Amino acid sequence: MERKVRVRFAPSPTGPLHIGGVRTALYNYLFAKKHGGDFLLRIEDTDQTRFVPGAEEYIIKAFDWLGIKFDEGQGIGGDYGPYRQSDRKEMYKEYADKLIDSGWAYYAFDTPEELDNVRKEFEKEKKNFQYDCNTRSSLKNSLSLSKEETNSLLEKNTPYVLRFKFPKDTEILIHDLIRGEVRMNSNLLDDKVLYKSDGMPTYHLANIVDDHLMKISHVIRGEEWLPSCPLHVMLYKAFGWESTMPEFAHLPLLLKPEGNGKLSKRDGDRLGFPVFLLEWQDPISKETSSGYREAGYFPEAVINILALLGWNSGTEKEIFSLDELIEIFSLERISKSGAKFDLEKAKWFNHQYLQLMPNNKIAEQYLSILKEKNIDICLEHVEKIVGLVKERCNFVADLWEQSSFFFLKPESYDEKLIKKRWKDEVPQRLSEIVIILNSIEDFNSHTAHDKVHAFIEGNELNMGQIMNCLRLSIVGEGKGPDLFEIMALIGKEETLERINIAIETIGKNE
Ligand code: GLU
């Protein structure tokens, strides 16, 4: 029988979630949904020294905003809970004991100082120290000590750690769904710590036990976990769980926009883009890091951006809804090499989503920006303005820059444009246009257009010059959508007032 697809996103609550982690979660989600499977959230907080208050809540809020839903997990519930590893603490001891009993793990009593000294000895000989099959017999552990010595140390409650005992000269084979076969020789591997005498498992033990108990079918995670994978594969063997071992897929790194190397928060700070979904304030330093939400990105755009950072559809199409992604996502199309984050492309995606969004929805968001600026205006009017300027915007907040002149008279006029276009005869011509516009009873963009054009052509005036000067009078600079649309929206009275003010002001203070 086909195994039910169950995948998990397993962040450690050590701070806000970096977009690399969000992408990992997204790929897990797409894979699960594509195969009608379950997507779980498990909080891996076994390393209490790195615990950051608020990080778990942040993670849950971030996915809420993104619109990615977990089927099961911390904060959601489910049949395999608890889903926070610190709440499962008691459960791991049994598994640690099993490994001791079967000889796959051993007690190590070396103190940090003792290990430090050994490390220094190695360094003197320009060698790297590793606790492994070559060194363990000369260190203080249950393999090198007699049974009596070990028992006596345990009876005296001597602090210990449990280490995994890698067998010598064994080739460990990983079938990675993205990378193919990856082989590793056990002699090179470190006897990783699995459990500590304070009763806490390490990531490795808790992760494997939980994936097993939660019936995880596929482990899809960042490439940084590939070096740990031989240990994980061996743990499945040690527990006798090989037949239900999940399949592994290690995702390529998200790289910084320029040069090589993993995308970090520092790159974001330096180049001015967010690396977190939501704004985050560090609880200790109080330092604030920007978020995609606060920068004005739409969640749908962020999903689209992340989906294509490391995966491709094999077509030219770039805009995908979440449902479309679910439909076409496959692990085979994930690239092996790192994916470079591209800020301009990210903005382009948001631009596309802004264009696709209904104007009334954008207007609703823009209305709250306008309210903050004490501009009281109805939604319908804003909707029309949005329709005229949105193609010039990447974010809702850009609308102000592109449309403030609909709400406010110009406070100044573009000097360059004045020099180029505002010739001596212009004020007279604009006064004539004021009269013509004033005479229009049914004032709209068409009637205004026809009258003004007829006037310019009839008098054989320079179209570019007059139109530019009219725009200068109404907008204050040379930008904006169709001028007659602007006139129609601000209305006849306001149009005439602005032209009159310009006639009165421009060229008068020289
Ligand atoms: N807790 C690990 C992390 O923070 C999870 C790695 C895994 O998915 O196995 O990324």
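The values are calculated or read from the model by the stated rules, or taken from the named source; none is laboratory data. What you see is a predicted model; the values in this text were computed from it and never measured. Because the Cβ atoms are built from the backbone with ideal geometry, glycine has one as well, and the counts that use them run over all protein chains shown.
Structure data summary
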{"read-out": "From the options 363, 339, residue that is within 21 Å of residue 222 (Cα to Cα) and surrounded by 12 or more Cβ atoms within 10 Å (Cβ to Cβ)", "value": "339"}
{"read-out": "Matching residues, the range 1-17, being near the ligand (Cβ under 10 Å from one of its atoms) and closer than 23 Å to residue 278 by Cβ", "value": "8, 9, 10, 11, 12, 13, 14, 17"}
{"read-out": "Cross-chain or 6+ apart pairs with Cβ under 9 Å, the range 45-62 first and in contact (Cβ under 8 Å) with a residue 60 or more places away in the chain, then loosely packed, with under 15 Cβ neighbours inside 10 Å", "value": "47/14; 52/14; 52/282; 52/283; 52/284; 53/283; 54/281; 54/283"}
{"read-out": "Residue that is polar (S, T, N, Q) and crowded, with 18+ Cβ neighbours inside 10 Å, where the choices are 170, 158, 150", "value": "150"}
{"read-out": "Qualifying residue in the range 320-327 (condition: under 19 Å from residue 24 (Cα atoms) and under 16 Å from the mean Cα position of the chain (by Cα))", "value": "yes"}
{"read-out": "Leading residue by the ranking (modelled with the lowest pLDDT) among those in the range 18-53 that are part of a loop (DSSP other than H, G, I, E, B) and near the ligand (Cβ under 10 Å from one of its atoms)", "value": "47"}
{"read-out": "Which numbered condition residue 444 misses (of (1) over 53 Å from the mean Cα position of the chain (by Cα); (2) surrounded by fewer than 17 Cβ atoms within 10 Å (Cβ to Cβ))", "value": "(1)"}
{"read-out": "Residues (buried (at least 19 other Cβ atoms within 10 Å of the Cβ) and of a type in the set (D, E, K, R)) located in the range 224-266", "value": "256"}
{"read-out": "Residue count, the range 457-487 (criterion: assigned to a helix (DSSP H, G or I) and either out of contact with any His (no Cβ under 8 Å at 6 or more places or on another chain) or surrounded by fewer than 19 Cβ atoms within 10 Å (Cβ to Cβ) (or both))", "value": "19"}
{"read-out": "Scope the range 301-331; condition under 20 Å from residue 64 (Cα atoms), in contact (Cβ under 8 Å) with a residue 60 or more places away in the chain and surrounded by 20 or more Cβ atoms within 10 Å (Cβ to Cβ); matching residues", "value": "302, 303, 306, 307, 325"}
{"read-out": "Complete set of residues in the range 178-189 that are under 20 Å from residue 222 (Cβ atoms), loosely packed, with under 15 Cβ neighbours inside 10 Å and not small (Gly, Ala, Ser)", "value": "181"}
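Quick grid of which residues meet (1) in contact (Cβ under 8 Å) with a residue 40 or more places away in the chain; (2) of a type in the set (Lys, Arg):
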| position | (1), (2) |
| --- | --- |
| 221 | yes, yes |
| 236 | no, no |
| 248 | yes, no |
| 251 | yes, no |
| 283 | yes, no |
| 289 | yes, no |
| 299 | yes, no |
